[in-house]
Every structure is written in structure tokens, then in C-alpha cells.
Amino acid sequence: MRKKIFLGLILSIIILSLTSCSTEEKETLNVLNYDIYIDKTLISEFEKENNVTIKYDTYSTPEEMYIKAKAGASNYDVIITGEYMIERMINEGMVNKLNFDNIPNFQYVGEQFKNQPYDPNNEYAVPYFWGTLGILYNKNAVDTSQKSWSLLWNEKHNQRIIMMDSQRDSFAAALKLLGYSMNTVNEKELDEAKALLLKQKPLVMAYITDGAPDIMINEEADMALVWSGEAVSAMSENENLDFIIPEEGSNIWIDAAIIPTTTKNQELAEKFINFLTSKEATLRNIDEVWYSTVHTEALKEVNEELLENHAFNIPNEDIEKMEMFRDPKEFIDLYSKRWTEIMADKID
Amino acid sequence: MKDKTKYFSYPYIVWIVTFILFPSFLVLLYSITSKDSNGVTTIHFTLENYELFFKKMYVNILFDSIWLAAISTVICLLLGYPAAYIISNAHISKRNTLLFLCILPMWMNMLLRTYAWMTILGNNGLINNFLGFLGLPKLNLLYTKGATVMGMVYNFIPFMILPIYTALSKLDNKLIEAAADLGADKKTVFKKIIFPLSMPGVISGIIMVFMPAVSTFIIPQLLGGNKNMMIGNLIEKLFILNGDWNFGSAISIVMMLIILISMSIMNKFDVDKEGGARLL
């Protein structure tokens with residue numbers, strides 16, 4: 001009997017504590033960002049300066065972010081994500097227009113990052129970082145006389161190749177190698193890319209996101225498909241590593257901050273975006289995330305060593321050959337269906 | 001008196017309804033409805049999600065998961081039974097320490113423990129460095145099916161040891177003495193007395209290892225390198241990447257059915273109808 005009463009009490013307490021709201025009056029800001037994509041001290045600094053609480057939440061792929069935002073897991077106020085997802089969210093009416101009077105730092109964003117197809121009139125998004133996709137490799141193990149995506153299909157590196165567990169990026173490499181657009185919705189082209197990725201699967205050591213730089217630094221693999229910032233951070237820790245952007249062309253992406261319609265405090269959210277895109281914050285973030293900056297003033301103060309790194313200061317002749325991801329709208333299923341089938345394929 | 005105490009069960013009922021029954025109902029509902037072109041789930045009943053599952057590829061993933069989970073369970077049993085036996089026979093002063101050591105790793109987050117194995121199994125990890133030191137060729141250990149099985153055995157073996165230990169420590173010593181008095185040798189005592197009486201623990205152990213093993217997704221992802229998809233990975237991908245909650249739910253329901261069926265089969269073997277195995 002006593003046990004039952006005790007159990008009842010405990011359960012009631014648990015339920016009560018779950019349902020009771022906190023009585024604090026502090027404003028909160030719900031922020032959603034990639035993993036490892038900010039200098040975290042900036043968050044506590046903003047909290048202190050403005051006497052607010054920031055609930056910081058992370059995700060690993062834009063697709064995951066979209067599901068989180070769409071399912072209403074939380075009423076996000078600021079989301080930082082990739083351009084093709086922003087385009088999709090704008091099309092679906094999930095993004096608020098910004099009041100740029102509250103975001104004066106927007107003026108420092110480089111002209112080449114403004115008026116991009118995902119936000120042609122600069123109404124919704126404030127660019128945060130930009131970068132590209134390429135191959136991080138070990139100079140002692142890989143012969144890169146041919147700067148081609150076909151390196152990732154080279155049988156000499158059986159079980160020494162790291163691929164990304166990200167459908168658009170993996171398909172981008174395969175589609176570019178075939179000479180197609182990375183935004184294709186042509187099923188025949190996608191089937192060819194799928195066949196190519198299936199052919200590659202036995203050679204692949206692992207499909208991962210975020211862990212590739214560590215594996216490369218420890219020289220556990222010969223090469224990895226990575227984003228440019230991952231390459232910069234890995235190269236700074238192991239001098240045997242280098243980065244190439246294949247000649248067939250690659251992807252140029254811009255990650256930007258948006259305010260979704262779920263926000264309850266647009267003004268504070270705009271203030272946070274402005275804070276995050278200031279020169280000081282940008283310089284501190286560069287030291288943490290290593291991606292190329294969109295901030296023209298911050299770029300002038302980046303150290304020499306970083307400016308000489310072609311994964312950070314990406315050469316113009318490479319940029320010219322790059323293509324930006326577009327939102328494939330309902331055709332995204334053509335990609336995800338094929339990617340699931342590739343991942344589900346048995347190799348032995 | 002009885003009328004009053006009944007109220008104390010209310011929080012429990014509320015708990016079950018909100019956190020178990022209602023979500024399960026939603027999963028079931030998703031699994032038998034379809035997504036319209038805007039990606040919004042409308043109440044339009046269909047069985048196409050289940051039909052889709054019976055494509056060869058998905059069924060193969062299911063069999064593969066069951067196979068890997070079964071291997072892990074057998075290894076857990078082979079390693080866990082002797083461990084439980086040793087602990088239950090240890091001197092009382094040592095017994096608690098041994099049990100404590102067995103539970104100790106569970107204080108740490110499972111993710112961290114699994115990450116630790118990555119540094120042990122890696123191409124330049126502890127094992128391969130040691131092999132290199134001995135002048136032996138390196139082995140490909142990480143990102144293989146073997147690594148996945150290893151991770152599952154390592155993570156779930158306490159769930160095998162503990163119920164078996166409980167069953168063994170309840171065992172009446174007089175029975176063993178009586179058997180010995182009647183001339184049974186040690187082997188016979190184990191075969192005829194100890195093992196049959198510890199069956200309830202073994203059954204609980206098998207269920208408690210097999211269930212999380214068959215549905216895990218983080219271990220094949222971290223240690224298997226995402227190359228051999230298990231059914232848990234497929235469900236995760238469908239929910240998180242494809243946003244296809246309907247198909248994902250259908251697979252979850254199939255999973256639940258398989259677990260229920262395997263549990264009821266296991267219960268048939270539960271000889272004395274006692275012990276922790278009576279989950280169903």
C-alpha cells in the first residue's frame with residue numbers, strides 16, 4: 001500500500017514539474033544552427049548584454065533542419081541554413097521579411113552575395129558564411145595531377161575514401177563528374193548518377209557528416225568529400241593535407257540567417273542577426289568555423305596565413321565554374337528516394 | 001480503503017495514455033494514411049506504405065537487422081552467462097564490487113562510449129598500433145559489420161548479465177547440495193539444476209538485448225560507417241531526411257509487431273511462468 005502511495009506521489013510530482021511553466025520573465029530566443037557553426041561565447045555574450053535567454057539548437061543537414069522547423073518542434077526565432085532550403089522555405093511561406101533598419105551590418109555583406117536567386121531582392125536573408133564542396137586529400141597518398149571528381153572513384157583508394165551522408169552533396173559530385181547540372185530533375189541523369197554512386201559504394205570507408213576532418217587529420221583515410229571550411233580546419237592541424245576543387249566545377253553555397261514565421265519576437269531576432277554579422281563576431285566565428293566570410297570589412301583583417309589558403313580564399317577561376325543549389329521543389333523526392341536506395345544497398 | 005487508493009493510479013494512467021498509447025496511435029494512424037503532394041498528411045486511408053515495405057530491398061534490410069541483432073544476442077549470452085555465474089558465486093564482499101563494475105560504464109553516455117570505440121578500432125587506433133608494434137599487418141576493423149556487432153555487444157551486455165545474475169542468486173543452494181549428494185557430478189548439476197532454474201533470467205536477458213539491438217541506429221551509423229543500413233537507420237532516414245513519416249511509421253509498426261511476436265515466442269520457453277520474462 002505504502003509503495004503505491006509513494007509511486008503515485010512521485011508520478012504526480014513528475015507530471016506537475018513537466019507541466020508547470022517557469023515563472024521567469026526573461027525573453028527567450030530560439031536559435032537553430034548547424035553543429036559547430038558559431039563561436040559559442042558569442043551566445044552567452046548576447047544573453048548578458050540584452051538580458052535574454054537563448055535556446056540554442058543544432059542540426060546536421062538542411063533536410064533535418066527543414067523537418068525540425070516544419071514539424072514545429074519549437075517556435076524558432078532565428079535559423080541559419082543553406083540557400084536552397086531558404087528558397088524552399090520562402091516558397092512555402094515559412095519565412096518573415098526582415099526589417100533591414102535593425103540589421104545595419106547587412107551593408108558589409110559583399111555584393112557578390114547579394115541578390116542571389118534564393119532571395120533575389122534581399123528581403124529575407126542575411127548571408128552568414130559561404131563555401132564550396134571539394135576533396136580533402138593526403139598529399140602522400142593521392143596523386144592529384146588530374147583535378148577531377150573521378151578521384152573519389154579511384155580503386156587504388158579502396159576503403160580509404162570518406163563520403164558525405166548528405167544527398168545533395170553526394171549527388172553533386174556524381175552529377176558534375178557526368179557533366180550534368182547538380183540541380184537536374186531529369187530522371188535519366190539522376191539514374192546515371194545513382195549508378196555511379198552505387199559503383200562507388202564498395203570503395204567507400206564510411207558515409208559521415210562532421211567527422212571527416214578528424215579522420216583525415218589522423219590519416220585514417222586518403223581523401224574525403226568535404227565542405228571548404230572543414231578542409232581549412234583539417235589543413236591547419238596536419239600539413240600533409242590539401243584541398244582541391246575539381247575542374248568539372250563544384251557547388252557554391254551561402255548559409256544565411258532567416259527569421260521563420262514562428263517567431264514571437266522579430267525585433268530581438270533581428271538584433272541577434274545583426275550582432276552575429278558584426279565585424280567582431282564574424283572574426284571570432286572565422287576562428288571557430290573556418291569558412292569563407294561574406295563580410296567585406298572582416299576579410300581585410302583576416303590573417304595572412306588564412307588568406308593564402310585556397311580553401312578559405314577560394315580562387316576566382318574556380319568560383320566561375322561553380323553552381324549554386326536550387327530548391328528542386330517536389331522533385332526533391334527524386335533525390336531522396338535514390339539516396340535512400342543507395343544507402344540501403346547491400347555491399348556484401 | 002480500496003476506493004481511495006485507486007486515485008493514486010491516476011497519474012500512472014495519465015502517463016501511459018499521453019506518452020505510450022497516444023503516440024503509438026499516431027504512429028499507427030500515419031502508417032495507414034498517405035501524404036498529399038504538398039507534403040501534408042491528410043486522412044486518406046491506404047495500405048500502400050505497407051506494400052512499399054515488401055519491396056525486396058527493405059525486407060533485406062529487415063532480415064539483416066534481425067541477423068545482426070541475433071548474432072549480438074548470442075555473443076552477449078555466451079559472454080554474459082559465465083560472467084553472471086562468476087558474480088553470483090563470488091564471495092559476498094566481492095559480489096557488490098563486481099556488479100558495480102558491470103554497471104559502471106552505463107553511467108556514461110552511450111554516444112561517448114561508442115565514440116571511444118572509434119579510436120580503438122580505427123586504422124591508426126589502439127589495436128592497429130599494437131599490431132604494427134608487433135610487426136603484424138593492419139586490420140580493417142572500423143566501419144565494418146563486425147564493428148557494429150562489437151558495439152552492440154559492448155553496449156547491451158549489462159542487460160544480459162543482470163537478469164541472469166538475479167535468477168542465479170535466487171537459486172536455492174540446497175538443491176545443488178542435494179543433487180551432489182545423489183551422486184551428480186558438477187556438469188550434471190549445471191545441466192539439470194542450475195541452467196534450467198536460471199532460464200527466466202536468460203529469457204529476460206535475450207529479450208532485453210535483442211530489442212534494443214534490432215532497432216538501434218546510432219551504432220551502425222558510428223561504427224558501421226552508414227554502409228550497412230539497419231532497420232533503425234532506415235526509419236531515421238525516412239523521418240529526418242525524406243520527411244516521409246507515413247512510410248517511416250509503417251516500418252515502425254512492422255518493427256513493433258516483430259518484437260511482440262518474438263517476445264511471445266520467448267515467453268513460451270519460460271518454464272516456470274515467473275521471473276522478469278513475463279512482459280507480455
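The values are calculated or read from the model by the stated rules, or taken from the named source; none is laboratory data. Every value quoted in this text rests on a predicted model; they were computed, and no experiment measured them. Quick reminder, even Gly has a Cβ in these numbers, built from the backbone with ideal geometry, and neighbours come from all protein chains shown.
Tabulated data
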quantity	calculated
Residue check, A:Ala257 away from every other protein chain (no Cβ under 14 Å), crowded, with 18+ Cβ neighbours inside 10 Å, under 28 Å from A:Met182 (Cβ atoms) and in contact with a strand residue (DSSP E or B) (Cβ under 7 Å, 6 or more places away or on another chain)	yes
The one condition in (1) out of contact with any Gly (no Cβ under 9 Å at 6 or more places or on another chain); (2) within 14 Å of chain A (Cβ to nearest Cβ); (3) within 30 Å of B:Thr33 (Cα to Cα); (4) of a type in the set (Gly, Ala, Ser) that B:Ala250 fails to fulfil	(2)
In segment B:48-74, residue nearest to B:Met211 (Cα to Cα) [restricted to those that are within 11 Å of chain A (Cβ to nearest Cβ) and aromatic (Phe, Trp, Tyr)]	B:Phe63
Lone qualifier among A:Glu330, A:Glu304, A:Glu280, A:Glu320 - being surrounded by fewer than 15 Cβ atoms within 10 Å (Cβ to Cβ), under 30 Å from B:Val59 (Cα atoms), of a type in the set (Asp, Glu) and without any contact (Cβ under 8 Å) to a residue 40 or more places away in the chain	A:Glu330
B:Ile164 vs. criteria of a type outside the set (D, E, K, R), in a helix (DSSP H, G or I) and away from chain A (no Cβ under 13 Å)	yes
Residue that is farthest from A:Asn313 (Cα to Cα) [pool: residues in segment A:201-232 that are more than 10 Å from chain B (Cβ to nearest Cβ) and surrounded by fewer than 19 Cβ atoms within 10 Å (Cβ to Cβ)]	A:Leu203
Residue in segment A:196-208 that is without any contact (Cβ under 8 Å) to a residue 24 or more places away in the chain and out of contact with any His (no Cβ under 9 Å at 6 or more places or on another chain) present	no
Checking A:Asp287 against (1) in the same structural domain as A:Ile244 (by TED's automatic domain parsing); (2) exposed (fewer than 14 other Cβ atoms within 10 Å of the Cβ), the condition it does not meet	(1)
Any helices (runs of 4 or more DSSP H) falling wholly within segment B:47-158 and containing at least 3 residues that are touching a Gly at 6+ places or on another chain (Cβ under 8 Å)	B:56-89, B:110-121
Test: B:Leu111 is in contact with a Leu (Cβ under 9 Å, 6 or more places away or on another chain) and more than 23 Å from B:Ile203 (Cα to Cα)	yes
Subset tally (residues that are at the interface with chain A (Cβ under 8 Å from one of its Cβ atoms) and either surrounded by 13 or more Cβ atoms within 10 Å (Cβ to Cβ) or in a loop (DSSP other than H, G, I, E, B) (or both)) for segment B:1-34	7
Qualifying positions in segment B:107-126 - within 13 Å of chain A (Cβ to nearest Cβ) and out of contact with any helix residue (DSSP H, G or I) (no Cβ under 6 Å at 6 or more places or on another chain)	B:Leu111, B:Tyr115, B:Met118, B:Thr119, B:Gly122, B:Asn123, B:Asn124
Some residue of segment A:242-253 being touching a residue at least 12 places away in the same chain (Cβ under 8 Å) and more than 27 Å from A:Gln116 (Cβ to Cβ)	yes
Every pair of residues 6+ apart whose Cβ atoms lie under 7 Å, when the first sits in segment B:184-213 and is on the phi < 0 side of the Ramachandran plot and surrounded by fewer than 17 Cβ atoms within 10 Å (Cβ to Cβ) while the second is small (Gly, Ala, Ser) and not in a helix (DSSP H, G or I)	B:Lys192/B:Ala184
Residue count, segment A:80-102 (criterion: surrounded by 14 or more Cβ atoms within 10 Å (Cβ to Cβ), within 20 Å of A:Ile254 (Cβ to Cβ) and in contact with a Lys or Arg (Cβ under 9 Å, 6 or more places away or on another chain))	8
Within segment A:170-200, considering residues that are outside any helix (DSSP H, G or I) and small (Gly, Ala, Ser), the one surrounded by the most Cβ atoms within 10 Å (Cβ to Cβ)	A:Ser181
Selection from segment B:214-244 of residues that are in a helix (DSSP H, G or I), away from every other protein chain (no Cβ under 12 Å) and crowded, with 21+ Cβ neighbours inside 10 Å	B:Val214, B:Ile219, B:Gly232
Which listed residue is more than 14 Å from chain A (Cβ to nearest Cβ), within 18 Å of B:Gly205 (Cβ to Cβ) and of a type in the set (Phe, Trp, Tyr), from B:Phe133, B:Phe156	B:Phe156
Selected residue (criterion: farthest from the chain's Cα centre (by Cα)) from residues of segment A:103-138 that are surrounded by fewer than 17 Cβ atoms within 10 Å (Cβ to Cβ) and in contact (Cβ under 8 Å) with a residue 40 or more places away in the chain	A:Pro104
All positions within segment A:139-169 that are surrounded by fewer than 17 Cβ atoms within 10 Å (Cβ to Cβ) and away from every other protein chain (no Cβ under 11 Å)	A:Lys139, A:Asn140, A:Ala141, A:Asp143, A:Thr144, A:Ser145, A:Gln146, A:Lys147, A:Ser150, A:Glu155, A:Lys156
